[in-house]
Amino acid sequence: MGPAAAPGLEISAELRQRVGDLYCDYCCALDDGEYERWPALFADPCLYKVLPRENFVRNLPIALIACESRAMLRDRVTALRETALYAPRIMRHLVSSLRIRAVEPDGLRATANFLLIQSLVDQPSEVFLAGSYHDRIVEDEGTLRFAEKLCVYDSTIVPTSLVFPV
């Protein structure tokens with residue numbers, strides 16, 4: 001099932017498919033551990049934030065993670081690959097209720113729910129993080145890319161091992 005459009009919003013089947021493919025590419029790059037592909041899914045400049053729902057609702061700028069360019073996203077990948085120490089794990093992104101909310105001059109507005117499942121080698125799988133994406137998507141060199149991705153997590157407490165992209 002592809003993304004839905006907000007009531008009253010006319011979106012072509014082709015555009016719906018392209019948006020759905022972008023979200024699928026995003027999840028597959030992260031779930032398959034192909035982190036070097038992740039920054040290419042963003043326009044440059046871009047905004048990527050991981051922030052609590054409380055700050056999002058109050059329009060507060062403080063985020064747990066904030067990147068403002070593709071270069072900053074690549075730096076996160078380098079840190080993940082070369083400097084971070086963490087127990088080996090598999091992360092799985094489940095995305096639901098993908099909805100195109102608006103078509104504006106500065107891009108498409110879309111939202112979706114996410115659930116991250118973490119599987120450590122010696123433990124049962126568990127919910128790692130849950131929340132919603134609030135995205136702005138633009139056409140960039142014939143490809144849809146995220147110009148803004150706000151990863152809004154629901155809980156007030158986050159795991160200390162939040163090193164992977166959400």
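Observations on the model:
- Condition check for GLU10: within 16 Å of ILE137 (Cα to Cα), exposed (fewer than 13 other Cβ atoms within 10 Å of the Cβ) and free of Cβ contacts under 8 Å to residues at least 60 places away in the same chain: no
- Of residues in region 41-59 being in a helix (DSSP H, G or I) and in contact (Cβ under 8 Å) with a residue 40 or more places away in the chain, the one nearest to HIS93 (Cα to Cα): LEU41
Yes/no per residue for (1) over 15 Å from VAL152 (Cα atoms); (2) at pLDDT below 95:
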{"residue": "ARG99", "(1), (2)": "yes, no"}
{"residue": "ALA110", "(1), (2)": "no, no"}
{"residue": "ASN113", "(1), (2)": "no, no"}
{"residue": "GLN118", "(1), (2)": "yes, yes"}
{"residue": "GLU126", "(1), (2)": "yes, yes"}
{"residue": "ALA130", "(1), (2)": "no, no"}
{"residue": "VAL138", "(1), (2)": "yes, no"}
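- The residue pairs whose first member lies in region 98-115 and is at positive phi and in contact (Cβ under 8 Å) with a residue 24 or more places away in the chain, whose second member is among the basic types (Lys, Arg) and part of a strand (DSSP E or B), and whose beta carbons are closer than 9 Å, counting only pairs six or more residues apart or on different chains, are GLY107/ARG136.
- Just one of the numbered conditions (1) outside any strand (DSSP E or B); (2) over 25 Å from THR156 (Cβ atoms) is not true of ILE62: (2).
- The sole residue among ASP75, ASP25 that is touching a residue at least 12 places away in the same chain (Cβ under 8 Å), within 15 Å of PRO165 (Cα to Cα) and part of a helix (DSSP H, G or I) is ASP25.
- Tallying residues that are modelled with pLDDT of 95 or more and more than 14 Å from the chain's Cα centre (by Cα) within region 145-166 yields 1.
- Checked against the criterion of being closer than 27 Å to LEU15 by Cβ and either touching a strand residue (DSSP E or B) at 6+ places or on another chain (Cβ under 7 Å) or not aliphatic (A, V, I, L, M) (or both), the candidates PHE114, PHE128 yield just one match: PHE114.
- Enumeration of residues in region 116-131 that are free of Cβ contacts under 8 Å to residues at least 60 places away in the same chain and either over 21 Å from ALA87 (Cβ atoms) or within 17 Å of the chain's Cα centre (by Cα) (or both): LEU116, ILE117, GLN118, VAL127, PHE128, LEU129, ALA130
- Flag for PRO39 being modelled with pLDDT under 95 and not small (Gly, Ala, Ser): no
The values are calculated or read from the model by the stated rules, or taken from the named source; none is laboratory data. Everything numeric here is computed off the predicted structure, so don't read it as measured data. Methodologically, a virtual Cβ is constructed for each residue, glycine included, from the backbone with ideal geometry; neighbour enumeration extends over all protein chains shown.
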